[in-house]
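What follows is a single structure, written as structure tokens, with notes after it.
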Amino acid sequence: MKVLRPVSGTNTDTVSFLGLTLQPRSLHEMNLLVEQGIRDHRNWIIANHNLHSLYLLHRHPKLREFYSAVQWTHIDGMPLVAYMSVLGLTGLTAYGGLLVIGALKEGEQVFVSAAAGAVGSVAAQIAKIKGCYVIGSAGSDEKCRWLKDELGLDAAINYKQGELRASLKAAAPKGIDVYFENVGGEHLNAALPRMNALGRIAVCGMISAYNNFGAVSEPVTTLSNMIYNRVTMRGFVFYEFESKRAEFLKDMKGWIRQGRLKYRTTILHGIEQAPTALIGLFTGVNTGKMVVQLSQD
Ligand SMILES: NC(=O)c1ccc[n+]([C@@H]2O[C@H](COP(=O)([O-])OP(=O)(O)OC[C@H]3O[C@@H](n4cnc5c(N)ncnc54)[C@H](OP(=O)(O)O)[C@@H]3O)[C@@H](O)[C@H]2O)c1
């Protein structure tokens, strides 16, 4: 088992760890840790885990006292909520998806779908920072205004108005080198004919399919455009970019401090709002990251 991120920083002499992230070598080891290790070592509680890592917090009696005393609202000058969006999984997904999978080069033509959402708004802004021409799609005029007026995108398409293929053709006069795909279905159908030679489609998600049984997507009828333009399409998952985390944090914090990367959070209050928040992702309630706040602490 590998210890990925010990989180220390306590200044009391009784607490040596606040938390750490562990990476078990196998699913079996993960199960052992979850089912046995944690039960036997009652001082550790599982704060979060996925298939690949386990985030533990130390349940030391002094810990609560310590948290209350420091009253963290910021870490390294960044609000805690930023670590749930731009500086967390969301940001890393956008950063790695665009720069590693999309292999973005300065000055390229980029299209981002669900561009006013959490991942999309970060991907679109990183592409702008890299000097690209950036087109975003979103589901309302208000979101499109935010993309153009505040985030500085070159073009924004309200995909709920007009015909998406025609709107994209008009918005991308020089074609598309990198398509950061969050939506699938008609968005993919519209993007494929616009892809330039050796274009890359980084498939982050296909939210238009998630509510269908088996997440079956709408038919994609324009795939043949991949052939002569030698387009690459590659899916990815954020944990592929774990080795880039330090570089990602350094870049992102720098861009946020310089005012070059902005973020918004849509906050719903109370655990009873969790279903509304989840459903809201499919109806476009959120701009930026959707967060459910459980308490004021
Ligand atoms: N691969 C990974 O590791 C990874 C990690 C995180 C997220 N993801 C994927 O990234 C995508 C964005 O996730 P997120 O957490 O950042 O969510 P988000 O973009 O903040 O929220 C989802 C947005 O998608 C849009 N949308 C919903 N249904 C749509 C449809 N049928 N057609 C077009 N747009 C639709 C809505 O905005 P509009 O108002 O614009 O419609 C909604 O606000 C998702 O596909 C998610 O699965 C992948």
When you count, for each residue, the other Cβ atoms within 10 Å and take the mean per peptide, how do 273-282, 118-127 rank with the highest first?
118-127, 273-282
Normalised Cα Rg of the stretch 95-194, dividing by 2.2 N^0.38 Å with N its residue count, works out at 0.93
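Relative to the present Cα-Cα distance, how much length would full extension add between I267 and L281 at 0.36 nm per residue of separation? The partial results should precede the final answer.
Numbers: separation 14, 0.36 × 14 = 5.04 nm, distance 1.24 nm.
3.8 nm is the gain from fully extending I267 to L281.
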What is the Cα coordinate range of the stretch 172-297 on the first, second and third principal axes, sorted by size from largest, in whole angstrom?
56, 40, 30
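Where a number appears in this text, it was derived from the coordinates with a stated rule and is not lab data. In this text, all values refer to a predicted model and were calculated from it rather than measured experimentally. Here Cβ is always computed from backbone atoms with ideal geometry, including for glycine, and neighbour counts include all displayed protein chains.
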